[in-house]
Amino acid sequence: MCEKNVLVAVDGQTVELKVRSGTIGPDVVDIGSLYKQTKMFTYDPGFTSTASCESKITYIDGDEGVLLHRGYPIEQLAEHADFLEVCYLLLYGELPTKAQKSDFGDRLTRHTMVHEQMSRFFTGYRRDAHPMAVMVGTVGALSAFYHDSTDITDPHQRMIASLRMVAKMPTIAAMAYKYHVGQPFIYPQNDLDYASNFLRMCFAVPCEEYVVNPVLARAMDRILILHADHEQNASTSTVRLAGSSGANPFACIAAGIACLWGPAHGGANEAALNMLAEIGTVDRIPEYVARAKDKNDPFRLMGFGHRVYKNYDPRAKIMQKTMYEVLDAAGHSDDPLMKVALELEKIALSDKYFIEKKLYPNVDFYSGITLRALGFPATMFTVLFALARTVGWIAQWNEMIQDPDQRIGRPRQLYTGEAKREHVPISQR
Ligand code: ACO
């Protein structure tokens, strides 16, 4: 018997299950044959002990607070690379050479505009719609505008769809913002870098010159890097599950955006800023910390805790540094919410409840204050997350489509409803 197998005793019967090892991280027990051998399923709501796929893209060690993309630590990427290079890395597995980066930039640039008909599609939404509602609808509608790149069996079409998605997402996100605030759409300007172009599409108006502040553009770029991928989180798993049925990539990314919107996931950055605003002043922090600890109160400290990180989220540290840079450049270094956030973090990190449950600030804790200082309203925060995560979703989707073991995702269940019973005519009920 191979020592990498485990023996599991089920009802007096011993079954042998294969153990598979990755490059780093815990081994996994392959339970694919369990039902065949034992007529039993496993039960793991929320997938706390279940690996849903094999992946080469991102690795997280939650206990140590480590995040690697294709092996590179997030700290090094945030410091030395730009978002375009990180996109290339996630999609193709290696950092680009100078020539590869320039070629990739050119190819993306050719796809930054959206079909002109889409602007009319936008104006069908109510003005007061949440921009995430607009994003879910509009990205889903991309397959109605670009049906020449929806054949997932064709590698060329998959590549075009991937480039289109990464290139058009800033344009769509900026259009969602402009529509939200009632200003005219601004077309992309392709001689600008990815982040600067996005800031310009959001904040330029036709009646005056807009000059991108390089400090703010670099901060925007770093925020995009920090959110680019995070292995098999809820929205990425949603993209993979939607894609496992053969759905087209635009529809899959729209499904990911819908999942990201929830306050337990990407919606937490908006919720965290709203919470800081509600707390308002440092003296009210103890009241909110007490509420977060109260089992009878559903309130949670937003931007705190993580399914995987049981240590400081490495992205939160970089985000905190970025926050200082942005507040300084935007002339808001005395932002009262920053004071509340810093004090809240200090109090929570020294509180027994948070220490015992290993609840640390996550990336969303400081991103709200930073994005607000960049000029975005809270309703746009999750849209920016979706924009950044698109490359991760599309890289994971591509990996899944090319995985020879890929099958339609179809979880099983523990049924606890009524057993079989006879229909009773309505007159006798
Ligand atoms: N405030 C107070 N208590 C918390 C918090 C919090 N933010 N987060 C978790 N806890 C407590 C729970 O009440 C639970 O206590 P119990 O064991 O006594 O029942 C324990 O810590 C474990 O929490 P779970 O909800 O079981 O952990 P899970 O891994 O399912 O959830 C999650 C992780 C959703 C992120 C959770 O920590 C949370 O709701 N945080 C606030 C929302 C947030 O910031 N989300 C952003 C996540 S990062 C991202 O998506 C980019």
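The values are calculated or read from the model by the stated rules, or taken from the named source; none is laboratory data. Predicted model only: the values in this text are computed from it and were never measured. As a convention, Cβ positions derive from the backbone with ideal geometry for all residues, glycine included, and neighbour counts pool all protein chains shown.
A few points about this structure:
- In this entry, GLU356 is excluded by the filter for residues that are touching a residue at least 24 places away in the same chain (Cβ under 8 Å) and surrounded by fewer than 19 Cβ atoms within 10 Å (Cβ to Cβ).
- Scanning the stretch 205-259 for residues that are touching a Ser or Thr at 6+ places or on another chain (Cβ under 7 Å), assigned to a helix (DSSP H, G or I) and of a type in the set (Val, Ile, Thr) yields ILE223, ILE253.
- Among the residues of the stretch 267-281, none qualifies, meaning not one is within 26 Å of LEU199 (Cβ to Cβ), β-branched (Val, Ile, Thr) and touching a Leu at 6+ places or on another chain (Cβ under 9 Å).
- Search result, residues across the stretch 152-192 that are in contact (Cβ under 8 Å) with a residue 40 or more places away in the chain, assigned to a loop (DSSP other than H, G, I, E, B) and over 23 Å from the mean Cα position of the chain (by Cα): GLY182, PHE185, TYR187, PRO188, ASN190
- Selection within the stretch 235-262 - within 16 Å of the ligand (Cβ to nearest atom), surrounded by fewer than 19 Cβ atoms within 10 Å (Cβ to Cβ) and over 27 Å from TYR179 (Cβ atoms): SER237
- Positions within the stretch 325-346 being surrounded by 16 or more Cβ atoms within 10 Å (Cβ to Cβ), in a helix (DSSP H, G or I) and not acidic (Asp, Glu), in sequence order: VAL326, LEU327, ALA329, LEU337, MET338, VAL340, ALA341, LEU344
- Residues (of a type in the set (A, V, I, L, M, F, W, C) and in contact with a strand residue (DSSP E or B) (Cβ under 9 Å, 6 or more places away or on another chain)) located in the stretch 64-102: VAL66, LEU67, LEU68, ILE74, LEU77, ALA81, VAL86, LEU89, LEU90, LEU95
- Number of the exception - TYR324 against (1) aromatic (Phe, Trp, Tyr); (2) without any contact (Cβ under 8 Å) to a residue 12 or more places away in the chain; (3) within 14 Å of the ligand (Cβ to nearest atom): (3)
- Yes/no for LEU414 being more than 30 Å from HIS156 (Cβ to Cβ), more than 16 Å from the ligand (Cβ to nearest atom) and within 26 Å of the chain's Cα centre (by Cα): no
- The stretch 263-288, residues that are near the ligand (Cβ under 9 Å from one of its atoms) and assigned to a loop (DSSP other than H, G, I, E, B): PRO263, ALA264, HIS265, GLY266, GLY267
- The one condition from (1) within 14 Å of the ligand (Cβ to nearest atom); (2) touching a Gly at 6+ places or on another chain (Cβ under 6 Å) that ARG291 does not meet is (2).
- Among the residues of the stretch 345-383, those that are closer than 18 Å to GLU287 by Cα and not aliphatic (A, V, I, L, M) comprise GLU345, LYS346, SER350, ASP351, LYS352, TYR353, PHE354.
- Verdict on LEU301 being farther than 19 Å from PRO263 by Cα, within 15 Å of the ligand (Cβ to nearest atom), crowded, with 17+ Cβ neighbours inside 10 Å and not charged (D, E, K, R): no
- Among the residues listed as TYR353, TYR309, the single one being over 19 Å from LEU273 (Cβ atoms) and in contact with a Gly (Cβ under 9 Å, 6 or more places away or on another chain): TYR309
- Conditions (1) more than 27 Å from VAL139 (Cβ to Cβ); (2) at pLDDT below 95; (3) not in a helix (DSSP H, G or I): number failed by GLN406: (1)
- Residue ID - nearest to the ligand (Cβ to nearest atom), chosen from residues in the stretch 307-317 that are surrounded by fewer than 22 Cβ atoms within 10 Å (Cβ to Cβ) and either free of Cβ contacts under 8 Å to residues at least 40 places away in the same chain or of a type outside the set (Phe, Trp, Tyr) (or both): ARG307
- Meets criteria (of a type outside the set (A, V, I, L, M), more than 30 Å from PRO155 (Cβ to Cβ) and part of a helix (DSSP H, G or I)) for PHE354: yes
- As for the stretch 191-201, it holds no residue that is within 16 Å of the ligand (Cβ to nearest atom), over 30 Å from PRO298 (Cβ atoms) and in contact with a Phe, Trp or Tyr (Cβ under 7 Å, 6 or more places away or on another chain).
- Out of GLU75, GLU79, GLU94, GLU85, one residue alone is in a loop (DSSP other than H, G, I, E, B), modelled with pLDDT of 95 or more and not aromatic (Phe, Trp, Tyr). It is GLU94.
- As for the stretch 205-214, it holds no residue that is closer than 30 Å to SER55 by Cβ and more than 16 Å from the ligand (Cβ to nearest atom).
- Among the residues of this structure, GLY32 does not count as one that is touching a Phe, Trp or Tyr at 6+ places or on another chain (Cβ under 6 Å) and at pLDDT below 95.
- Across the stretch 352-378, the qualifying residues are those that are away from the ligand (no atom under 14 Å from the Cβ) and of a type in the set (Gly, Ala, Ser), and the one among them that is nearest to ALA264 (Cα to Cα) is ALA378.
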